[in-house]
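The values are calculated or read from the model by the stated rules, or taken from the named source; none is laboratory data. What you see is a predicted model, and the numbers here were worked out from it, not measured in a lab. Because the Cβ atoms are built from the backbone with ideal geometry, glycine has one as well, and the counts that use them run over all protein chains shown. Heads up: the accessible areas ignore ligands, DNA and RNA and are worked out on the full protein's heavy atoms, side chains in. Shrake-Rupley method; radii C 1.70, N 1.55, O 1.52, S 1.80 Å.
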Amino acid sequence: MKTITINVSEPVYRDFQHIAKAQDRTASELIRQAMEEFRERRIVRSTTLADLSPVSVGRVLTPLRRGDDLLAELLDDGRD
């Protein structure tokens with residue numbers, strides 16, 4: 001494990017100390033957990049579009065036809 005030094009505001013650190021005491025943990029443990037959660041959500045994204053479930057957004061406004069340019073459809077939302 002790598003030791004680091006960080007500067008945080010007093011209120012933030014107080015909050016971490018308060019919650020740590022209530023959970024019988026150390027503030028360092030909570031900060032490590034917070035950093036790992038940030039890393040998982042923002043840095044090491046393991047979710048791809050293929051992992052997401054489809055969602056219904058309503059009825060079809062204009063059915064696709066053979067030869068329709070889907071990229072143009074995505075880029076032009078008609079609000080010109």
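Key figures for this structure:
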{"quantity": "D_trans [Stokes-Einstein, Kirkwood Rh over alpha-carbon pairs] for the chain, 4 °C, 1.567 mPa s, µm² s⁻¹", "calculated": "72"}
{"quantity": "Rounded tilt (10° steps) of 10-22 against the dominant C-alpha axis of the chain", "calculated": "80"}
{"quantity": "Carbon plus sulfur fraction of accessible area for the chain, probe 1.4 Å, in percent", "calculated": "54"}
{"quantity": "Among Ala20, Leu71, Ser53 - extreme Cα towards positive end, dipole of the chain, charges at beta-carbon", "calculated": "Ala20"}
{"quantity": "Cα-based helix-to-principal-axis angle, 27-38 vs the chain, degrees rounded to 10", "calculated": "10"}
